[in-house]
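The values are calculated or read from the model by the stated rules, or taken from the named source; none is laboratory data. This is a predicted model, so every value here is computed, not measured. Glycine gets a Cβ as well: all are built from the backbone with ideal geometry, and neighbour counts include every protein chain shown.
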DNA sequence: CCAGACGTTGTT
DNA sequence: GTCTGG
DNA sequence: CCAGACGTTGTT
DNA sequence: GTCTGG
């Protein structure tokens, strides 16, 4: 299902990074995100950070706000422009004992910007389109462009309340994005 | 030296 | 595969 | 991250 | 309340 568009390759990978050295795929449940500040030193991420960076397209993401043990509030977050965007990601190809290679990815996280801070203590890294090429550039493996892994400008993002239906994995429909009072 | 970990807070 | 802890 | 399980074979 | 599974 891979196709070429210009010099970029598009593919559908499974969310939850499984390092090439893994004995099984269990680690994927805890590698859905990678902390940008530490990925360079983490065994599970450092090789991918050097050699297997990618862009993860999205239109919005969800977060849950927890106010001291009170019920969680669900939020959706997107760009004010309404445009889709790209998370900074890493990918891997893992070969099980028997079977087809499993290709997986993770999304890098960083500290929250002013918009996200009241909602959550982390946020995914959203890259600027002008930085896509720099992020994907594989020429200098010794120095991956970690300087790009910073919070996206808050004044270009918006957050709105959504139904708590989003908290149940059985629910997955466009109505989850509709604002609630 | 071997055994055990390797990771983070989400929507397939 | 590589590092840490014991 | 959330959802779902959580346990054993008895009569206060 | 806390752990496991997804």
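In the condition set (1) in contact (Cβ under 8 Å) with a residue 60 or more places away in the chain; (2) within 11 Å of the chain's Cα centre (by Cα); (3) surrounded by fewer than 17 Cβ atoms within 10 Å (Cβ to Cβ), residue A:72 is compliant with all but (2).
Residue-wise test of (1) free of Cβ contacts under 8 Å to residues at least 40 places away in the same chain; (2) within 12 Å of DNA strand B (Cβ to nearest atom); (3) in contact with a helix residue (DSSP H, G or I) (Cβ under 7 Å, 6 or more places away or on another chain).
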position	(1), (2), (3)
A:52	no, no, no
A:58	yes, yes, no
A:66	yes, yes, no
A:82	yes, no, no
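Of all the criteria given as (1) farther than 26 Å from residue A:139 by Cβ; (2) within 16 Å of DNA strand D (Cβ to nearest atom); (3) at pLDDT 85 or above; (4) surrounded by fewer than 18 Cβ atoms within 10 Å (Cβ to Cβ), the one not satisfied by residue A:65 is (3). Only one entry in A:107, A:77 is away from DNA strand C (no atom under 16 Å from the Cβ), modelled with pLDDT of 90 or more, more than 11 Å from the chain's Cα centre (by Cα) and not in a loop (DSSP other than H, G, I, E, B), namely A:77. Filtering the range A:22-38 to residues that are near DNA strand B (Cβ under 7 Å from one of its atoms) and either within 13 Å of residue A:104 (Cα to Cα) or not in a loop (DSSP other than H, G, I, E, B) (or both) leaves A:22, A:27, A:29, A:30, A:31, A:32, A:33, A:34, A:35. Quick one: how many residues across the range A:137-166 are under 10 Å from residue A:75 (Cα atoms) and within 16 Å of DNA strand E (Cβ to nearest atom)? Selection size over the range A:137-166: 2. From the list A:71, A:101, A:112, A:57, the lone residue that is modelled with pLDDT under 90 and more than 22 Å from residue A:168 (Cα to Cα) is A:101.
Of all residues in the range A:41-50, those satisfying the criterion of being farther than 23 Å from residue A:97 by Cα and modelled with pLDDT under 90 are A:41, A:42. The single condition among (1) farther than 23 Å from residue A:40 by Cβ; (2) within 16 Å of DNA strand D (Cβ to nearest atom); (3) loosely packed, with under 14 Cβ neighbours inside 10 Å; (4) under 19 Å from the mean Cα position of the chain (by Cα) that residue A:121 does not meet is (1).
Residues that are at pLDDT 80 or above and in a helix (DSSP H, G or I) within the range A:159-181 comprise A:164, A:165, A:166, A:174, A:175, A:176, A:177, listed in sequence order.
Yes/no matrix, rows are residues, columns are (1) out of contact with any strand residue (DSSP E or B) (no Cβ under 6 Å at 6 or more places or on another chain); (2) surrounded by 17 or more Cβ atoms within 10 Å (Cβ to Cβ):
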site	(1), (2)
A:38	yes, no
A:61	no, no
A:104	no, yes
A:117	yes, no
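In the range A:1-36, the qualifying residues are those that are within 16 Å of DNA strand E (Cβ to nearest atom), over 23 Å from residue A:77 (Cβ atoms) and in contact with a strand residue (DSSP E or B) (Cβ under 7 Å, 6 or more places away or on another chain), and the one that is modelled with the highest pLDDT is A:18.
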